[in-house]
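Here is the structure we will look at.
The values are calculated or read from the model by the stated rules, or taken from the named source; none is laboratory data. Because the structure is a prediction, the values reported are computed rather than measured. Cβ atoms come from the backbone with ideal geometry, glycine included; neighbour counts cover every protein chain shown.
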Amino acid sequence: MQGSFRRQPKFVFSWNWIKSFNLKDSQSNMIKIEEKEKLVMITSTVSDFCDSMGYCEHKIPFHIEGVKPPPSIETLQGTIAHEKEQEIEKEQFEFAPITQEELLDMTKNVEFAREEVNTRLLYPVRTGTKNILVLLHGRTDKILRNDKTLIVQDDKFPTNLKKYEDRIEPYDDQKLQALTYLNSKFTTDGSMDPNNWFEIPHDEKIWIIKIRDKSNENKPIKIFRGIQNDVMRKFLTDSIQRFALLVLGAEERKHHNVPGKCKPCRLFSQCQYRLE
Ligand code: SF4
């Protein structure tokens, strides 16, 4: 056993408390823990959080240590494909600045340029003796508001398209990523200062995940759509709470027990829990 904190109701945090942590240094691509007395700030990229809670909990120690194996060919090809989509958008559309009034006016549809918006999700977790604040920071492929609905669009460019043939919903890490973005605040200048983050007011939240074929002009081969309901919201908040406890070693990590998940894992050679 690694300890047993009992979950308790959330606590209320103040901006002054957040400012006392050095968030500028928390932008690195890893999970960081900063502790002051009984207050703990956990910062993580959205991708490390989703990788840990949607794919494999045994990745957490690697992300804390900042172990980053070289990117796979699939990741590199995905980056190129994302850049191509960005270029196409720049060629086809002209984006105009938006005013604060327009942003706050829910009757106005707004759309941000691809890859322009950084996301910041703060979520408080309370355990037996500690108040924990989890900050998940990332960047959306695309975010817009249409008909009072906040929409996050994410593009995936997998090499193995076959694994999507029979799927009727995205993988857990993909869902978590979209849900994290949908419940975040936003910044277009990469700021880690909560005073600089803005909201996009809306009534409903929707995610759209497009699986694209990079060998065929990035054409979508499958499009998943989902609305954030209570079940999805709980999936996100439960995942954040468990993530916080796992990062602090207050709960034991569970194995997925799926050898097929270990095989393509970039941590395979270093991981003592790998399944062959
Ligand atoms: S090798 Fe398997 S158990 Fe280890 S981190 Fe990767 S997926 Fe998880």
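Kindly indicate whether any position in the stretch 85-97 is surrounded by fewer than 18 Cβ atoms within 10 Å (Cβ to Cβ), within 16 Å of the ligand (Cβ to nearest atom), modelled with pLDDT of 80 or more and farther than 18 Å from residue 158 by Cα.
no
What's the number of the condition residue 97 fails, among (1) under 27 Å from residue 146 (Cα atoms); (2) part of a helix (DSSP H, G or I)?
That leaves (2) as the condition not met.
Any residue at all in the stretch 192-202 that is modelled with pLDDT of 95 or more, more than 30 Å from residue 98 (Cα to Cα), more than 16 Å from the ligand (Cβ to nearest atom) and in contact with a Leu (Cβ under 9 Å, 6 or more places away or on another chain)?
no
Could you list, in sequence order, all residues of the stretch 107-140 that are surrounded by 16 or more Cβ atoms within 10 Å (Cβ to Cβ), assigned to a loop (DSSP other than H, G, I, E, B) and in contact with a Lys or Arg (Cβ under 6 Å, 6 or more places away or on another chain)?
Within the stretch 107-140, 114, 130 meet the criteria.
Consider the stretch 163-193. How many of its residues are assigned to a helix (DSSP H, G or I) and of a type in the set (Asp, Glu)?
First, pick out the residues of the stretch 163-193 that are assigned to a helix (DSSP H, G or I): 163-164, 172-182.
Those still in the list that are of a type in the set (Asp, Glu) too: 172-173.
Adding up the residues that qualify gives 2.
Does the stretch 79-90 include one or more residues that are hydrophobic (A, V, I, L, M, F, W, C) and outside any helix (DSSP H, G or I)? Give the derivation first.
In the first step, residues of the stretch 79-90 are kept if they are hydrophobic (A, V, I, L, M, F, W, C); the result is 80-81, 88.
If we keep only those that are outside any helix (DSSP H, G or I) too, we end up with none.
No, the stretch 79-90 contains no residue that is hydrophobic (A, V, I, L, M, F, W, C) and outside any helix (DSSP H, G or I).
Take the residues in the stretch 220-263 that are assigned to a loop (DSSP other than H, G, I, E, B), within 16 Å of the ligand (Cβ to nearest atom) and free of Cβ contacts under 8 Å to residues at least 24 places away in the same chain; name whichever of them is farthest from residue 54 (Cα to Cα). Spell out how you get there, then give the answer.
So the first thing to find is which residues in the stretch 220-263 are assigned to a loop (DSSP other than H, G, I, E, B), and the list is 228-229, 248-258, 263.
Within this subset, residues satisfying the condition of being within 16 Å of the ligand (Cβ to nearest atom) are 252-258, 263.
From what is left, the residues that are free of Cβ contacts under 8 Å to residues at least 24 places away in the same chain are 257-258, 263.
Values: 257: 14, 258: 13, 263: 16 Å.
Here the answer is 263.
So in the stretch 148-162, with the set limited to residues that are part of a strand (DSSP E or B) and in contact with a helix residue (DSSP H, G or I) (Cβ under 8 Å, 6 or more places away or on another chain), which one is surrounded by the most Cβ atoms within 10 Å (Cβ to Cβ)?
Here the residue is 152.
Out of curiosity, is residue 74 within 16 Å of the ligand (Cβ to nearest atom), within 20 Å of the chain's Cα centre (by Cα), farther than 28 Å from residue 193 by Cβ and of a type in the set (Asp, Glu)?
So residue 74 passes the test.
Enumerate the pairs (first residue in the stretch 52-64 and within 13 Å of residue 32 (Cβ to Cβ); second residue anywhere and at pLDDT 95 or above and hydroxyl-bearing (Ser, Thr, Tyr)) with beta-carbon separation below 6 Å, excluding pairs fewer than 6 apart on the same chain, so at least 6 apart or on different chains.
Close Cβ pairs satisfying both conditions: 60/52.
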